[in-house]
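Asks: After the structure tokens below, expect a handful of questions from me.
Please treat every number below as a calculation from the coordinates, not as lab data. The model shown is predicted, which means the values in this text are computed figures rather than measured ones. Reconstructed Cβ throughout: ideal geometry from the backbone, glycine too, with neighbour counts over all protein chains shown.
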Amino acid sequence: MGFGEVTSASGISFIASQMSGILGLAYSSISVDGLDTFMDLANLTDKSFSFYLHDTQEQSYMTIPGMDDELYDTIDTHKVVEQKYWALNLA
């Protein structure tokens, strides 16, 4: 898998966020410099992923592929409205 390094970023999203990296889960339509995305290159038959959002970031986590089926009571699924970012219509 190719690796891209960000040496500088501009814009309020990058300044205000506390992110430590980008994994490349968006669609390849917005890939920078044509780099393959993680999902494009993943050797998985199930390319789904799930987030478990809790009160603190230490308790929250992501699972690839699928979901941790011991930790949920209700599953909410939403269709992606535009195949760029994972934009959802939650209304």
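Asks: Would you mind computing, in nm to one decimal, how far apart the modelled labels at D76 and E5 are, each placed 7 Å from Cα along Cα→Cβ?
Replies: 3.9 nm
Asks: To the nearest 500 deg cm²/dmol, what mean residue ellipticity at 222 nm is calculated for the chain from DSSP H runs of n ≥ 4 alone, each contributing -39,500 (n - 2.57), summed and divided by the residues?
Replies: Working: 2 runs with 9 residues, N = 91.
When only DSSP H runs of four or more count, the value is -1500 deg cm²/dmol.
Asks: Let me ask something additional. Quick one: if you stick a label point 7 Å off each Cα along the C-beta vector at A91 and H54, how many nm between them?
Replies: So the two model labels end up 3.5 nm from each other.
Asks: If you keep only loop residues by DSSP, which GluC sites (Glu not before Pro) in region 48-91 have at most 10 other Cβ atoms within 10 Å of their Cβ?
Replies: Passing both the DSSP loop test and the Cβ count: E58, E70.
Asks: Convex hull over the Cα atoms of the chain, averaged projected area in nm²?
Replies: 8.1 nm²
Asks: Quickly work out the D69-to-S13 label distance, labels modelled 7 Å from Cα along the C-beta direction, and quote it in nm with one decimal.
Replies: Computed distance between label sites S13 and D69 equals 3.5 nm.
Asks: Right, next: Only Cα pairs under 8 Å and at least 6 apart count here; give the relative contact order of region 12-88 as a rounded whole percent. Walk me through the intermediate numbers first.
Replies: Details: 65 pairs, mean separation 19.7, N = 77.
Relative contact order comes out at 26 percent.
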